[in-house]
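First up is the structure itself, then whatever we jot down about it.
Just so it is clear, none of the values below were taken in a lab; they were calculated from the coordinates. Being a predicted model, the structure only gives us computed values, none of them experimental. Note that we place each Cβ from the backbone using ideal geometry, even for glycine, and neighbour counts take in every protein chain shown.
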Amino acid sequence: MSLYIWLITIALMGILMQVCFNQRDYYKNEARALTVKAICTLVPVSICLYGIIKTGAPVTTWILFAGLCICLTADVVIGIHFVAGMLVFLCAHLCFIAYFLTLAPLKGHSIVLFALLYALVVKGFWKFVPTLGNRVVPFTVYPAVLMIMFSIAMMLPFALGSVGSVLLAVGAGLFAISDVILAGNTLGDFSKVKDRVVLYLYYPAVYLLAVSVFYM
């Protein structure tokens, strides 16, 4: 991927995000906000598609592309119905997990890391369990799948040693942190500042996952 394309895409995403955040009625005009969010995610989706075609990436890379397309859909759905959006994002994470496993087999280190991370998440959000009601299942399953995705991705640089595997690991990590903060905002006090942090982590996450196809 050339430096020219890097600069163009980063600048484009930066402009879109600023438009998204700086318009006065961002939090009042839901349709406009969801449209801008979807366009922001469309950028890395397009980059991934270009990378697959340009590099002649293995057919399994289309699983990664499918996951990014599902993220684009989830960006819209989650703004309409939060739990439904979670389920769509869960499908995206399942795609990422499937793609990661085509790159390297599951290692015991990933299982140990998952157990530790999931235990920390459960401990951090345990106080909210009584308030979840019928949402307890999605709020239990989703972080499990999220941490499985992150744990597998973290071992890829050790197994592959490529720049692309590092980008996948960092992207997965940013995705996980973004979703944990989002869960905290949803279950606790809403904060526009923290909500911005969620997106500032999320967009680089999907961007790094997308550009990884150029460096595998």
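Things to note:
- Spatial separation of Cα centroids for the range 38-52 and the range 120-160, in angstrom: 26
- Computed packing ranks the peptides 162-168, 76-82, 151-157 as 151-157, 162-168, 76-82, most packed first, by mean other Cβ atoms within 10 Å.
- Neighbour counting of Cβ atoms within 10 Å sorts the residues K54, K37, K123, K107, fewest neighbours leading, into K123, K54, K107, K37.
- Full-extension gain in nm, V163 to L106, via 0.36 nm per residue minus C-alpha separation: 18.6 nm
- Of the chymotrypsin sites (Phe, Trp or Tyr not before Pro) in the range 33-69, those whose Cβ has at most 13 other Cβ within 10 Å and which sit in DSSP loop: none
- Working ranking of peptides 111-119, 140-148 by packing, defined as the average number of other Cβ atoms within 10 Å per residue, highest first, is 140-148, 111-119.
- For the range 54-162, the relative contact order is 32 percent, taking Cα pairs closer than 8 Å that sit 6 or more residues apart in sequence and dividing their mean separation by the residue count.
- Integer Hz, Karplus 6.51/-1.76/1.60 couplings in order for the range 169-183, x for Gly and Pro: 5, 5, x, 5, x, 5, 4, 5, 5, 4, 5, 5, 5, 4, 4
- Principal axes of the range 70-192: Cα extent on each, largest first, Å: 42, 30, 25
- Each residue of the range 67-72 was assigned a 3J(HN,Hα) from its phi angle through the Karplus curve 6.51 cos²θ - 1.76 cosθ + 1.60 (θ = phi - 60°); the sequence is x, 5, 5, 5, 4, 4 Hz, with glycine and proline shown as x.
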